[in-house]
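Below: the structure, in structure tokens.
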Amino acid sequence: MASIEEVDRREIQEYLSGYRYCVEMLQLRQYERVHPSPFPDPVDEVLLSGNEAFWKSRMMEIGLLISSLPNGRAKLVLHYRYIKGLSVERVSDLLGVSRRTGYRLHDKGLFLASIAYKKRKSKV
């Protein structure tokens, strides 16, 4: 059985990973505009139409959550991991810390982000 901390960690990781998903969806829409399919698919149009504003607002929401964290290396790790899409190992190299320390900072950042996320959810 998963502990509360594991559930919170997975939930916040999925939430933060949504940023990269939104970026990829916006890039896909841009590609589709430039290279239209010769065979129109009405299901795709219905599925993807009007979601650009949602994706952009979700990206903004995730960016604001990360930027609301206290300044420090944990915040930088989350920014580079989830906003820029780098691996924790690469971020560790950029910060000049060991990979183990990079993962510790990542865990600390997830913990801080989950607290901030819960506070935002309780206000709404």
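Computed from the coordinates by the stated procedures, all read-outs in this text should not be read as laboratory data. Just so it is clear, the structure is predicted and the values come from calculations on it, not from any experiment. Note that we place each Cβ from the backbone using ideal geometry, even for glycine, and neighbour counts take in every protein chain shown.
Tell me the volume per residue, in Å³, of the convex hull enclosing the alpha carbons of segment 4-123.
Cα convex hull per residue, to the nearest whole number: 132 Å³.
Set the Förster radius R0 to 30 Å, insert the Cβ-Cβ distance between PHE54 and LEU95 as r into 1/(1 + (r/R0)^6), and round the FRET efficiency to 0.05. Please report the intermediate quantities before stating the final value.
Numbers: r = 33 Å, r/R0 = 1.09.
Efficiency computed from Cβ-Cβ geometry: 0.35.
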Can you give the local net charge around TYR103? Use residues other than it whose beta-carbon is closer than 11 angstrom to its beta-carbon, Lys and Arg +1, Asp and Glu -1. +3
Non-local residues with an amide H under 5 Å from the amide H of GLY85, with H modelled 1.01 Å from N and Pro and chain starts lacking one, are none
With a point put 7 Å past each Cα toward its Cβ, work out how far LYS118 is from GLN30 in nm, to one decimal. 3.7 nm
